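This report refers to the structure that appears directly beneath it.
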Amino acid sequence: MSGGLAARMENSWPLENALERLRSRAYVRTTVNRSPPTVRILNAAHRHCVPDEDIMHAYRNPMIVISDDDVRVSVGGARDGNPIEVGVSYDQERHEVRIIHAMPARAGDVRRLTWR
């Protein structure tokens, strides 16, 4: 019987080590800066003459979101309700969101995004 107990105790050590690692990660996660990132609209986003207020409204109120590794494309409503396509990337070093693309969304684009 003691051999079985010793074997079970040996097998429990990896579990305890894993739990300790999870606890340390949880602590690190709670001490991270939780301030909201700054939002910056790049000049490339103004190519289609969408006002900053409409870009920010569409960014804050997305209806459809498609995420890739580096870029998130969302369709949100402008202040008047017209759909706007917004491309967003996140810079972790500077803790800022960069809006890199904004244009009025076309019906075909919205349909294509919803069927992915």
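Coordinate-derived values only; no laboratory data. Please read all numbers here as calculations on a predicted model, not as lab measurements. For neighbour counting, all protein chains shown are included, and Cβ atoms are generated from backbone atoms with ideal geometry for every residue, glycine included.
Worth a mention:
- Among the residues of the range 56-71, those identified as closer than 18 Å to ALA107 by Cα and in contact (Cβ under 8 Å) with a residue 24 or more places away in the chain are ALA58, PRO62, ILE64, ILE66.
- Residue within the range 54-63 that is in a strand (DSSP E or B), in contact with a helix residue (DSSP H, G or I) (Cβ under 9 Å, 6 or more places away or on another chain) and surrounded by 17 or more Cβ atoms within 10 Å (Cβ to Cβ) present: no
- Taking the range 64-116 as the range and being surrounded by fewer than 12 Cβ atoms within 10 Å (Cβ to Cβ) and either among the small types (Gly, Ala, Ser) or assigned to a strand (DSSP E or B) (or both) as the test, the residues that pass are SER67, GLY81, ALA107, GLY108.
- Among residues of the range 72-85, those that are within 9 Å of PRO104 (Cα to Cα) and touching a Ser or Thr at 6+ places or on another chain (Cβ under 8 Å), counted: 1
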